[in-house]
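Everything on this sheet refers to the single structure shown next.
The values are calculated or read from the model by the stated rules, or taken from the named source; none is laboratory data. None of the values given here were measured: they were computed from a predicted structure. Cβ sites come from the backbone with ideal geometry, for glycine too, and all protein chains shown count toward neighbours. Protein only, heavy atoms only, side chains kept; ligands, DNA and RNA dropped before computing areas. Shrake-Rupley method; radii C 1.70, N 1.55, O 1.52, S 1.80 Å.
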Amino acid sequence: MKGLTIQNLTTGYNGKAIIEDLTLAVKEKETLVLMGISGSGKTTLLLTILGILTPTKGKILLHEKDITMLPIEERNIGYLPQDYGLFPHLNVSENIAYGLHVRGTSEQEQHTKLKEMLTFVELEGYENRKIQELSGGQRQRVGLARALAINPSLLLLDEPLSNIDQVTKLEVATHMKNLFAKLDVPIILVTHNHEDAIFLSEYLAIMIDGKVEQIGTVKEILKEPKTPFIKRLLMPFNSS
Amino acid sequence: MSKFFSSKSLIFLLYFLAGCTLFFLVGTILFQYYIALGSLDKVLAAFTNDRILSALWLSITSSILTTIFAIIFGIPLAYVFAMKQFRGKVPLETIAVDVPQTFPPVAEGMIFLLMLGPASPFHLNLTFTFAALVIAKFFIAGPFVVSTVTRRFREIQKSGINLTARSLGANPFQVFTTVFIPMSLTDIAAGSILCWSRAMGELGGSLIFAGVIPFKTEVLPTYIALDAKTLTTGALAATILGTTASMLALVTFKKLTLKGENR
């Protein structure tokens, strides 16, 4: 299957399993939002897919290739951490082109890709800006552009809206959703916020205690939440 | 206690004690300038004394060389301490970084004399050489680079930005050169200044291992140590040169550190 397939994955920290025997699939062009409360294992799963944590059991297949034991730098996964992980010593252009630069891409190709990415995230004219001069939303877009510049096989986003202030959140989230619609890669997005999850997801997976408790479209899950806990998670103010 | 003293008098006591400490510390440093002003002609003449100038030159050059070596060898060690987890890391780091900074100076000289002296088990006699000066200074001052840079590397590692760089395709060495080093430049500079300043003042190892050979291995601290007994203006001039250089370096270090904290 084209996309990401996780088979019977067991993973955690320092030998302690947080996720046990998890199976999950995300097709090409699909956006899956992983939602759960703190400690549910969603970030652990993200870090295992990325290659920061090594699973004790199971397989991770990306476009049918087994990447379970591949070093992080060889997985070709675009990753946007919660704080965007931008390099403070580099400007906007240098941040976006970083992945291309370390991969030895030619200057010409870097330049072309950089222009393409700046247009894609609507940051033309910001090439030479310092990261410290950008707003939260602009930083997030630089992080996204940087993750996408490497033509990733998968995009992972960890709480991408948690550092955006409430006033601009809707605008940033709408922009992000529009960008996702234009992408061909499978996307996994992690959040603990029910509003973000409902707004951004196409497909939703609810994680509880290291297991995917329910998976489906937002409509399906909202219509028939499997447990009262899931109902409370998605509709905290209307759960009676 | 507050029954007998009002809070105003207690806070006054606090300020008074702070003032006493400050007066003692700063006053001691400034006292040399006060004495020098009393016999300015003689002190100024001593500044042009060939032996003192040679000791100053040897102090500066050996300390610069020490700092260069501390950067070359210390930064990789800082990377290992910050990035690698292994059994016995804490005691090893304490012995390698903290102990040399507080090592009894004469003991350091003794060890080097046994290790790299006339009876060296490695058949390498470096006593009374410029190399001995640099080695003795490196042992005491090099760890300042290691500790300052390790602290910064740990911050970077904790932020996870190194892993983001790897996800973009950078191998661990590329992450070291494109993330760790450029993000630590202020700290490397601060650690280097601290190292240089400490190397300028190193005495024990220089005295015992490198010896006090004028125009060859005599540095400002050893010149002062031998000349101080007779309280000459030469010793005073050398003291002023050494402490002023150190003060300037440390003020620069503080400025860099504050700049680093605002990053």
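Observations on the structure shown:
- Of the strands (runs of 3 or more DSSP E) that lie entirely inside the range A:1-69, those containing 2 or more residues that are under 15 Å from the mean Cα position of the chain (by Cα) and in the same structural domain as A:V190 (by TED's automatic domain parsing) span A:3-13, A:16-27, A:31-35.
- Put simply, of B:A189, B:A225 the only residue that is of a type in the set (A, V, I, L, M, F, W, C), under 30 Å from A:E73 (Cβ atoms) and open to solvent by 30 Å² or more (accessible area, probe 1.4 Å) is B:A189.
- The range A:204-221 - residue that is β-branched (V, I, T) and touching an Asp or Glu at 6+ places or on another chain (Cβ under 9 Å) and, of those, most open to solvent (accessible area, probe 1.4 Å): A:T217
- When the range B:211-223 is filtered for residues that are more than 18 Å from the chain's Cα centre (by Cα) and on the phi < 0 side of the Ramachandran plot, the ones remaining, listed by number, are B:V212, B:I213, B:P214, B:K216, B:T217, B:E218, B:Y223.
- Search result, residues across the range A:96-111 that are open to solvent by less than 80 Å² (accessible area, probe 1.4 Å) and more than 21 Å from the chain's Cα centre (by Cα): A:V102, A:G104, A:T105, A:S106, A:Q110
- Boolean, B:L37 is surrounded by 10 or more Cβ atoms within 10 Å (Cβ to Cβ), without any contact (Cβ under 8 Å) to a residue 12 or more places away in the chain and more than 23 Å from B:F144 (Cβ to Cβ): no
- Qualifying positions in the range B:143-161 - under 20 Å from A:L144 (Cβ atoms) and in contact (Cβ under 8 Å) with a residue 12 or more places away in the chain: B:I161
- Single residue of A:L144, A:L156, A:L148 found to be in contact with a strand residue (DSSP E or B) (Cβ under 9 Å, 6 or more places away or on another chain) and in a strand (DSSP E or B): A:L156
- Listed conditions (1) at negative phi; (2) in contact (Cβ under 8 Å) with a residue 60 or more places away in the chain; (3) surrounded by 15 or more Cβ atoms within 10 Å (Cβ to Cβ); (4) away from chain A (no Cβ under 14 Å) are all met by B:P104, apart from (3).
- From A:S162, A:S201, residue being open to solvent by 20 Å² or more (accessible area, probe 1.4 Å), among the hydroxyl-bearing types (S, T, Y) and in the same structural domain as A:G12 (by TED's automatic domain parsing): A:S162
- Residues that are buried (at least 23 other Cβ atoms within 10 Å of the Cβ) and closer than 17 Å to A:S201 by Cα within the range A:33-49 comprise A:V33, A:L34, A:M35, A:G36, A:K42, listed in sequence order.
- Of the residues making up the range B:148-184, those that are in a helix (DSSP H, G or I) and either among the aromatic types (F, W, Y) or more than 8 Å from chain A (Cβ to nearest Cβ) (or both) number 19.
- Of A:Y98, A:Y79, all but one fail to be of a type in the set (F, W, Y), in contact with a strand residue (DSSP E or B) (Cβ under 9 Å, 6 or more places away or on another chain) and farther than 17 Å from A:D209 by Cα; the exception is A:Y79.
- Exclusive hit being under 21 Å from A:A149 (Cα atoms) and open to solvent by 10 Å² or more (accessible area, probe 1.4 Å), set A:E64, A:E74: A:E74
A quick yes/no check of all residues on (1) facing chain B (nearest Cβ under 8 Å); (2) modelled with pLDDT under 95:
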| residue | (1), (2) |
| --- | --- |
| A:Y79 | yes, no |
| A:F87 | yes, no |
| A:E94 | no, no |
| A:A97 | no, no |
| A:V102 | yes, no |
| A:Q108 | no, no |
| A:F120 | no, yes |
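- Whether a residue is at pLDDT 90 or above, within 19 Å of A:Y84 (Cβ to Cβ) and either open to solvent by 30 Å² or more (accessible area, probe 1.4 Å) or touching a Pro at 6+ places or on another chain (Cβ under 8 Å) (or both) was assessed, and A:Q140 passes this test.
- The residue list B:I111, B:I64, B:I72 contains one member that is in a helix (DSSP H, G or I), within 15 Å of the chain's Cα centre (by Cα) and either in the same structural domain as B:G160 (by TED's automatic domain parsing) or under 28 Å from B:I240 (Cβ atoms) (or both), which is B:I64.
- Selected residue (criterion: nearest to the other protein chains (Cβ to nearest Cβ)) from residues of the range A:143-181 that are in contact with a Ser or Thr (Cβ under 9 Å, 6 or more places away or on another chain) and of a type in the set (S, T, Y): A:S162
- Test: A:L50 is away from every other protein chain (no Cβ under 12 Å), closer than 26 Å to A:H192 by Cα and touching a residue at least 12 places away in the same chain (Cβ under 8 Å): no
- Selected residue [among the hydrophobic types (A, V, I, L, M, F, W, C), over 24 Å from B:G27 (Cβ atoms) and in contact (Cβ under 8 Å) with a residue 60 or more places away in the chain] from B:F180, B:F173: B:F180
- If you go through the range B:182-204 and keep only what is closer than 17 Å to B:T239 by Cα and in contact with a Leu (Cβ under 8 Å, 6 or more places away or on another chain), you end up with B:S197, B:M200.
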